[in-house]
Amino acid sequence: MQAATALAPFIGPATIGIVLTAAAIDLNRRRIPNWLTFGAWIAALPVMVAMHGLSAGALAWLSGWMVGLVLFLPFYMLRGMAAGDVKLMAAVGAWLGAGMALKIALATFVIGGLWALIQVFATGQGRTTLARVGHMLKASVAPGSRSTPPQAGASAGSMPYGVAIAAGTLTVLFAGT
């Protein structure tokens with residue numbers, strides 16, 4: 001277990017470096033590159049194995065990766081976020097484990113949700129957005145109804161969600177939860 005002791009202080013700073021790099025690139029280019037997410041996945045595996053042994057380390061890596069992936073994948077499938085965001089959250093899970101990935105995902109959802117609300121109302125799209133949400137709720141309750149959707153107007157814009165993931169990660173790591 002000497003490897004675990006030697007590597008443990010490296011985990012947090014490595015993860016912080018990954019998410020801050022992703023946030024900066026996402027702000028600049030509106031995408032998170034595969035070299036960063038896949039590189040982070042690959043780099044996390046030998047670290048987890050060195051810390052926990054072959055089977056326990058591989059399991060910690062895989063379970064963290066899966067939690068990060070599974071929590072964000074539905075939003076990608078609904079076109080609510082980009083694939084890079086999903087892959088970044090999986091990388092965070094691979095480095096920090098399933099339990100931390102869950103906490104970080106929840107913190108990220110709160111931070112991202114608040115940011116989205118601020119953006120919607122700051123761009124003057126509040127009323128239109130609420131009308132669209134109301135239409136979607138009506139359609140989900142009464143799938144056969146033929147109500148007309150609200151006029152498509154200007155979008156409130158997109159969000160570089162890598163920033164929200166970085167903020168969620170930093171919040172959880174520095175809050176010590």
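Bear in mind these aren't lab numbers, they're just calculated from the coordinates by the rules spelled out. Predicted, not measured: the structure shown is a model, and the values here were computed from it. All Cβ positions, glycine included, derive from the backbone under ideal geometry; neighbour counts span all protein chains shown.
Relative contact order for the chain: what percent, with Cα pairs under 8 Å and sequence separation of 6 or more? In percent, rounded to a whole number, it is 29. Distance between the modelled labels on Arg29 and Ala43, one decimal in nanometres: 1.6 nm (7 Å Cα→Cβ projection). Computed extension length for Val70-Leu137: 21.7 nm, one decimal, from 0.36 nm per residue of separation with the Cα-Cα distance subtracted. Net length available on complete extension from Ala6 to Phe109 is 33.8 nm, with 0.36 nm assigned per residue and the Cα-Cα distance removed. Each residue in Met89, Met48 was given a count of other beta-carbon atoms within 10 angstrom of its own, and listing them fewest first yields Met48, Met89. Considering helices alone, the calculated mean residue ellipticity of the chain at 222 nm is -27500 deg cm²/dmol, with DSSP H runs of length four and up weighted by -39500 (n - 2.57) and normalised per residue.
The order of Val70, Val141, going from fewest to most other C-beta atoms within 10 Å of their C-beta, is Val141, Val70. Ratio to report: Rg/Rh of the chain, with Cα atoms as the point set and Rh obtained by the Kirkwood method; give two decimals. Rg/Rh: 1.07.
Rank the residues Ile111, Ile118 as a footprinting-exposure proxy: fewest other Cβ atoms within 10 Å of their Cβ go first. Intermediate results must be reported in sequence, preceding the final value.
On the way: Ile111 19, Ile118 10.
So the ranking, lowest neighbour count to highest, is Ile118, Ile111.
For region 17-109, what is the relative contact order in percent, using Cα pairs closer than 8 Å and at least 6 residues apart in sequence? Result for region 17-109 is 31 percent. Helix 34-52 and the longest principal axis of the C-alpha atoms of the chain enclose an angle of approximately 40°. Distance between the 7 Å Cα→Cβ label points at Leu102 and Leu130: 3.5 nm.
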